[in-house]
Amino acid sequence: MKQLDVTRVAAVLRRLAASVVGIVAALVVAEYGTRFVFARAAATGTSENAAARIGGLHVSMNSLGYREREIGPKDPARYRIAVIGDSYTWGQALEERERFSNLLGEFLGPGYEVLNFGQPGNTVEGDRDELEQVLKLSPDFVLLQMYINNFETPSMRRPQTYALLPTDLVRRLLQSSMVYRLLSDRWAQLQEAVGFVDSYEGYMARHLRDPHSPDAQESFGVLRQFFDTARAAGVPSGSILFPAADAMGPFGTNYSFGYLHDHVKSVCVDERVHCLDLLPLFSALPDPRSTWVTPFDAHPNARTNRRAAREILREFGSVWRR
């Protein structure tokens, strides 16, 4: 009888071991399969992100801390355009030559130079502070790139979803596993869908939809300061606004952040500066996901950067004409 129990236990343990080995093997295959298919996924430009190491982007920084060549004295024979912005300008998951700023320089020709001053994570406050450094380099024009989350103020607190695993383990997995990142994103979406946490759209609307709310007054007041500072220095300026491509359906349907675009337009009209809203460009597409760098990352891909550069040239070409 005891021998029979031992045999049964051994059989159960063998089956359990086989199941564990099978699960581990499946996870390994899934991880490497995901890395192969999305080799350039979610590169943030930081060494902490596993996908940045997988993607193999060439990233070099100049002595001023920008992803740009070393910047010398201004050549009087060349029109100098300074582009300030966040990761959309910096070129997340893109080579330098694929960024809209580099493409603008290519389209404009040798009589122009377009310099990239993008800093991932910048808000309008960061952009305003960046402007002080940029103005020292004698630009002929300052172009401000903006995105939806740039208008969050320091007092705003984003909704926090519940993690699948303990924080330290989550941090390590997010750094090392693309499969876990995908699962984590889906878990966060599920929590929003069932109402466990507020959605990002709801959070932004609560703070910024009303142009007279304290956060809206603060954020768009900083945007006005940006334009005023450039004007006081005798440098004309303008802006471009990218929409949230991951928050819209086919042909721009169900887009939740239109009020932010309206607020920006209102500031631009009051400040009398050229502003380009790229929402119509994205809304003309049957599938906004076609603009993403990867299914993990809704930053604009190389093709979208080229389209954006063309739109920017159409909007500002006459302003920059020499």
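The test for being open to solvent by less than 10 Å² (accessible area, probe 1.4 Å) and not small (G, A, S) does not hold for L137.
Among the listed residues A30, A39, A51, A82, identify the single one that is at pLDDT below 95, buried (at least 21 other Cβ atoms within 10 Å of the Cβ) and not charged (D, E, K, R).
Numbers: A30 fails: buried (at least 21 other Cβ atoms within 10 Å of the Cβ); A39 fails: buried (at least 21 other Cβ atoms within 10 Å of the Cβ); A82 fails: at pLDDT below 95.
When all the criteria are applied, what remains is A51.
Residues that are in contact (Cβ under 8 Å) with a residue 24 or more places away in the chain and open to solvent by 10 Å² or more (accessible area, probe 1.4 Å) within region 91-100 comprise Q92, E95, E96, E98, listed in sequence order. Residues in region 80-100 that are assigned to a helix (DSSP H, G or I) and under 22 Å from F226 (Cβ atoms): S87, Y88, T89, W90, F100.
A residue that is in contact with an Asp or Glu (Cβ under 7 Å, 6 or more places away or on another chain) and hydroxyl-bearing (S, T, Y) can be found somewhere in region 256-267. Answer yes if at least one residue in region 207-222 is part of a helix (DSSP H, G or I), modelled with pLDDT under 95 and open to solvent by 30 Å² or more (accessible area, probe 1.4 Å), and no otherwise. No, region 207-222 has no match at all.
Summed over region 101-116, residues that are touching a strand residue (DSSP E or B) at 6+ places or on another chain (Cβ under 8 Å), in a helix (DSSP H, G or I) and open to solvent by less than 10 Å² (accessible area, probe 1.4 Å) total 2. Restricting region 228-251 to residues that are open to solvent by less than 20 Å² (accessible area, probe 1.4 Å) and outside any loop (DSSP other than H, G, I, E, B) leaves a set whose member that is farthest from P288 (Cα to Cα) is A230. Here G72 meets the list (1) free of Cβ contacts under 8 Å to residues at least 24 places away in the same chain; (2) open to solvent by less than 50 Å² (accessible area, probe 1.4 Å); (3) part of a helix (DSSP H, G or I) almost entirely, failing just condition (3).
Starting from residues that are of a type in the set (F, W, Y) and crowded, with 16+ Cβ neighbours inside 10 Å, keep the ones in region 257-296 and report whichever is nearest to E95 (Cα to Cα). Explain how you work it out, then say what you get.
Just the residues of region 257-296 that are of a type in the set (F, W, Y), to begin with: 257, 259, 282, 292, 296.
From the residues that got through so far, the ones that are crowded, with 16+ Cβ neighbours inside 10 Å too are 257, 282, 292, 296.
Working: F257: 29, F282: 22, W292: 15, F296: 18 Å.
Within region 257-296, the match that is nearest to E95 (Cα to Cα) is W292.
The listed residues are R307, R314, and the only one of them that is outside any loop (DSSP other than H, G, I, E, B), in contact with a helix residue (DSSP H, G or I) (Cβ under 8 Å, 6 or more places away or on another chain) and open to solvent by 30 Å² or more (accessible area, probe 1.4 Å) turns out to be R307. Taking residues in region 233-248 that are closer than 16 Å to L313 by Cα, and partners anywhere that are open to solvent by 20 Å² or more (accessible area, probe 1.4 Å) and aromatic (F, W, Y), the pairs with Cβ atoms closer than 8 Å and at least 6 places apart or on different chains are L241/Y147; F242/Y147.
The values are calculated or read from the model by the stated rules, or taken from the named source; none is laboratory data. Since we're looking at a predicted model, the values are computed, not measured. When we count neighbours, we look across all protein chains shown, and the Cβ atoms used for this are built from the backbone with ideal geometry, even at glycine. Please note that ligands, DNA and RNA were not included when accessible areas were found on the heavy atoms of the full protein model with its side chains. Shrake-Rupley method; radii C 1.70, N 1.55, O 1.52, S 1.80 Å.
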